[in-house]
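Scroll down for the structure; my scribbles are underneath it.
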Amino acid sequence: MNRDKKSVVLLGPGERVDRFLDGRLSLIQSKTGYRFSIDALLLADFATIKEGDLLVDLGTGCGVIALILLFSRPVKKVWGLEIQDELSRQAARNVEMNGCSARMAVVRGDITRVPFRQCSIDVVICNPPYRKPRSGRVNPDPERAIARHEILTGLGGIVRAASFLLKPKGRFAIIYPAERLVDLFAHLRRFNLEPKRLKVVYPSVRAGAKLALVEATMGGRPGLKVEAPGFA
């Protein structure tokens, strides 16, 4: 991958730098606030990326999924959309620190009002909040709460945004709780996104399903490929 010159960026008092991909990728994360989990790595590995794709990462957080794809796949350009100010600035510094400014931009904005042209994107990815607003304890840390609970937007708003952005036959990749698969499929078809690939992730061979990775095609024909299970 062709990259700009890496830049030295300043860390805040509550931040640290972690290294991934055998040290090739450096990421600023909060020490005690929101930190990405294995879900982000699973989604980055699952998404189908083709040569020259334009990609939007909805709710990019620190930019981890988008940056992994830039380092490992033939993506042409990525936009990371993030509504939280601190996380959007963190993602922007990660882009700069890794020398990716020519191929990735971070936009502070709302998924319910995406600031991009309609039908302009090849791939949309999202690692969304999993929990409904009134389900379980809401974390007192605002970053973690917004990342885990549907506080600022729900599943319908996310799928609507993906449908708005994607070109015909464009792809939407998402990771979601296995127990909410029916909700996900219903929303996908409501917005003309046909589920084409499904990979279910289990904690162990004896445990029930935990997560599901789904890829849907804009205006695609019916026909779902269920892939071999994953374990994490």
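Per-structure values
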item	result
Net +/- balance of residues flanking LEU54 in space, Cβ distance below 9 Å, scoring K and R +1, D and E -1	+1
Accessible-area composition of region 1-112, carbon plus sulfur, in percent [1.4 Å probe]	51
Simple label model, 7 Å out from Cα along Cβ direction - ARG19 to ALA207, nm	3.0
Longest segment of the chain lacking trypsin sites (Lys or Arg not before Pro) that sit in a DSSP loop with at most 15 other Cβ atoms within 10 Å	138-205
Efficiency of FRET from Cβ geometry, ALA102 and LEU10, R₀ 25 Å, rounded to 0.05	0.70
Cut-off of 10 Å, at most 14 other beta carbons, DSSP loop: longest stretch of the chain lacking such GluC sites (Glu not before Pro)	52-226
Label assignment, Cα Rg over 2.2 N^0.38 Å derived from the structure, set (i) 0.97; (ii) 1.10; (iii) 1.30	(i)
Gaussian network model of the chain, springs between alpha carbon atoms under 10 Å - residue of PRO203, PRO177, PRO115 with greatest fluctuation	PRO203
Of all DSSP beta bridges in the chain, antiparallel share, percent nearest 5	45
Selected from CYS119, CYS100, CYS62 as most flexible by GNM, with the chain as the system and alpha-carbon contacts under 10 Å	CYS119
Cα gyration tensor, region 55-114 - rounded (a/c under 1.5), prolate or oblate	oblate
Stretchable slack from ASP45 to LYS76, in nm (0.36 nm times residue separation minus alpha-carbon distance)	9.4 nm
Karplus-derived 3J(HN,Hα), 6.51/-1.76/1.60, for each residue of region 67-77, Hz, glycine and proline x	5, 4, 5, 5, 7, 10, 10, x, 6, 7, 8
Cβ-defined net charge surrounding LEU181, 12 Å radius [Lys, Arg +1; Asp, Glu -1]	+1
Candidates GLY33, GLY63, GLY23, ranked by Gaussian network fluctuation over the chain, Cα under 10 Å, top entry	GLY23
Cβ-defined net charge surrounding ARG171, 11 Å radius [Lys, Arg +1; Asp, Glu -1]	+1
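The values are calculated or read from the model by the stated rules, or taken from the named source; none is laboratory data. Small disclaimer: the values here were computed from a predicted structure and weren't measured. Don't worry about glycine lacking a Cβ; one is built from the backbone with ideal geometry, like all the others, and counts go over all protein chains shown. Only protein heavy atoms, including side chains, enter the accessible area calculation; ligands, DNA and RNA are left aside. Shrake-Rupley method; radii C 1.70, N 1.55, O 1.52, S 1.80 Å.
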